[in-house]
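Visitor: One structure, as C-alpha cells, below. Some questions next.
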Amino acid sequence: MKYKNIINPKYESLKNFVAEIPEKFDKEGMLIYDSRNTVRVFKQSDGTKVVVKRYHRSPFPQRFDYTFRRPSKPKRAYNYGLKLQELGINTPTPIACIEEYKWGLYSRGYIITEFCPDPDLRLLRDEPEGHDGLINALARFLVKMHEKGFLHGDTNLSNFLYHEDIKSPGGYFITTIDINRSLFVDKPSKEVCIRNLMRLTHVRPTLTKIITKYAELRGWDVDWAIKFVMQKLDNFEKRMELKKKLKKK
C-alpha cells in the first residue's frame, strides 16, 4: 500500500498526524458518521479538533479514472475547499488529503479539515415555520455561491451549517461542507442555478420559502422559479420511485 499526501502549508506541524491517519483511523478519534463514508473527529495535543473523512473504497472503473483521468474525491475536496475560501465562501479550512494506492491504482482516500461545531440546517426540514431569518440567510449564501460560479454537488440541508452572527447577512453565519462533487461554472444560467437548489429538501413548504427568497434576491420571477424547481423535483422523485420498484422485482 502506498500513500500520497498533500498538506496545507499552514498545517505543516500536523505532518506526522496526517501520515499516521490510515493506521489510526479505525482505532482512535470520535466517530460521528458511519455509512458509505466514515467521519471521525480527532483532538490534537493543544486541544483543537480536526475532522477526518474516509471515503469508501472505489470500484475498479473509478479507481482507474481517479488514477489516470481526473482528481480523486479527497483531492477535489481539498482543492475545492481552498478555492472556496479564495472566493470568500465559508467552508472548513482544508488541512490535508491522503490518497491510498494499491497495485498502482487509487483505492480510497481521506480529507482532513478544521472542525466546525455548528449544527446543520435540517431543522428547516423538520420545523419549516418560524425560521424566516435563517431561511433568508441561507438564500443569501446560495445567491453568493452561484454569483461566484460555485454549484454545490449535493445541496442537501445537512451540508449547510449555521450559527447566529449579527455581522453576517441575515444574522447567521453559514458554512458549507461535503463539496467534492461540486462544479465551478462561469456565469451559470437561471435554469442551472435553480436546478441546483432542487435537492435542498423534499419538504415543499420549506423549499418554496427558500426558492422564493432566493428568486427575490436575484430579481427573478418567483412563480417561474418555484414551478421550475418543483417540476424538476417531481421528476426526480418519480425516477427514484421507479428505481425502487425495479429493484424489488
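Visitor: Measuring from centroid to centroid over Cα atoms, what is the spacing of segment 161-221 and segment 57-119 in Å?
Guide: For segment 161-221 versus segment 57-119, the Cα centre distance is 23 Å.
Visitor: Could you tell me the relative contact order of segment 62-215? Use alpha-carbon pairs under 8 Å, at least six residues apart, and round to a whole percent.
Guide: Values: 237 pairs, mean separation 36.8, N = 154.
The normalised contact order for segment 62-215 reaches 24 percent.
Visitor: Ignoring everything except DSSP H segments at least 4 long, calculate the 222 nm mean residue ellipticity for the chain; use -39,500 (n - 2.57) per segment, divide by total residues, nearest 500. It would help to have the intermediate numbers written out before the result.
Guide: On the way: 8 runs with 103 residues, N = 249.
So the helix-based figure for the chain works out to -13000 deg cm²/dmol.
Visitor: Could you give the Stokes-Einstein D for segment 43-112 in µm² per second, using the C-alpha Kirkwood radius, 37 °C, 0.692 mPa s?
Guide: 250
Visitor: Now for a different question. So, with +1 on the Cβ of K and R and -1 on the Cβ of D and E, and no other charges, what is the size of the charge dipole of segment 26-134 about its Cα centre, to the nearest 20 debye?
Guide: Magnitude of the dipole: close to 840 debye.
Visitor: Under the 0.36 nm per residue contour assumption, what length would be gained going from the current alpha-carbon distance of SER13 and GLN231 to full extension? Please list the in-between numbers first.
Guide: Working: separation 218, 0.36 × 218 = 78.48 nm, distance 5.03 nm.
That pair, SER13 and GLN231, stretches by 73.5 nm at full extension.
Visitor: Just name one of LEU197, TYR101, ALA225: the one whose Cα is farthest towards the positive end of the charge dipole of the chain (beta-carbon charges, Lys/Arg +1, Asp/Glu -1).
Guide: Farthest along the dipole direction, towards plus: TYR101.
Visitor: Can you give the percent of C-alpha pairs in segment 120-249 whose distance is more than 19 Å? Provide the component values of the computation, followed by the final result.
Guide: Values: 4151 of 8385 pairs.
The calculated P(r) of segment 120-249 puts 50 percent of pairs beyond 19 Å.
Visitor: Also, quick follow-up: Please list, ordered by chain and number, the residues whose modelled amide H lies under 5 Å from the amide H of THR91; skip anything fewer than 5 residues away on the same chain.
Guide: THR176
Visitor: What are the residues whose amide H is under 5 Å from the amide H of ARG181, where those residues sit 5 or more places off or on another chain and H is modelled from the backbone?
Guide: For ARG181, the qualifying residues are GLY153.
Visitor: What's the carbon and sulfur percent of the chain's accessible surface, probe 1.4 angstrom, rounded to a whole number? Before the final figure, lay out the partial values.
Guide: Working: 6920 of 13800 Å².
Whole-percent figure for carbon plus sulfur exposure: 50.
Visitor: Which aspartates and glutamates, on any chain, are close to LYS144 with Cα under 15 Å apart, when same-chain ones fewer than 8 places away are left out?
Guide: GLU86, ASP186, GLU216
Visitor: Then there is this: With θ taken as phi - 60° and the coefficients 6.51, -1.76 and 1.60, list the Karplus ³J(HN,Hα) couplings across segment 120-129 in order, rounded to whole Hz; mark glycine and proline as x.
Guide: These are the phi-based 3J(HN,Hα) values: 8, 8, 5, 4, 5, 6, 7, 9, x, 8 Hz.
Visitor: Hey, another quick one. Keeping all protein chains in place, calculate the accessible area per residue for segment 61-174 (probe 1.4 angstrom), answer in Å².
Guide: Ligands and nucleic acids excluded, the figure is 44 Å² per residue.
Visitor: Can you give me the relative contact order of segment 101-178 as a percent, contacts being Cα pairs under 8 Å and 6 or more apart?
Guide: Relative contact order, segment 101-178: 33 percent.
Visitor: Let me ask another. By a straight-distance test (C-alpha under 18 Å), which lysines pair with LYS24 as possible cross-link partners, with residues fewer than eight away in the same chain excluded?
Guide: Counting by Cα, and skipping residues close in sequence, LYS24 has these lysines nearby: LYS2, LYS4, LYS15, LYS43, LYS49, LYS53.
Visitor: Using C-alpha positions alone, give me the convex hull volume of the chain per residue in cubic angstrom. Could the numbers behind the result be given before it?
Guide: Details: hull volume 39.7 nm³, N = 249.
Per-residue hull volume (Cα only) is 159 Å³.
Visitor: Let me ask you something else. Hey, what's the Kirkwood Rh for segment 167-207 if you take every pair of different alpha carbons, in angstrom?
Guide: Values: mean 1/r = 0.0776 Å⁻¹.
It is 12.9 Å.
Visitor: Now a separate question. Could you tell me which helices of the chain pass both thresholds, a Cα extent of 20 Å or more along their own axis and a mean Kyte-Doolittle hydropathy of at least -1.0, with helices taken as whole DSSP H runs?
Guide: Those that clear 20 Å and a mean of -1.0 are 132-147, 204-218, 222-248.
The values are calculated or read from the model by the stated rules, or taken from the named source; none is laboratory data. The shown structure was predicted, so the numbers you read here are calculated from the model rather than taken from an experiment. Heads up, the Cβs are rebuilt from the backbone with ideal geometry, glycines too, and the neighbour counts pull from every protein chain shown. The accessibility values were calculated without ligands, DNA or RNA, using every heavy atom of the protein model including side chains. Shrake-Rupley method; radii C 1.70, N 1.55, O 1.52, S 1.80 Å.
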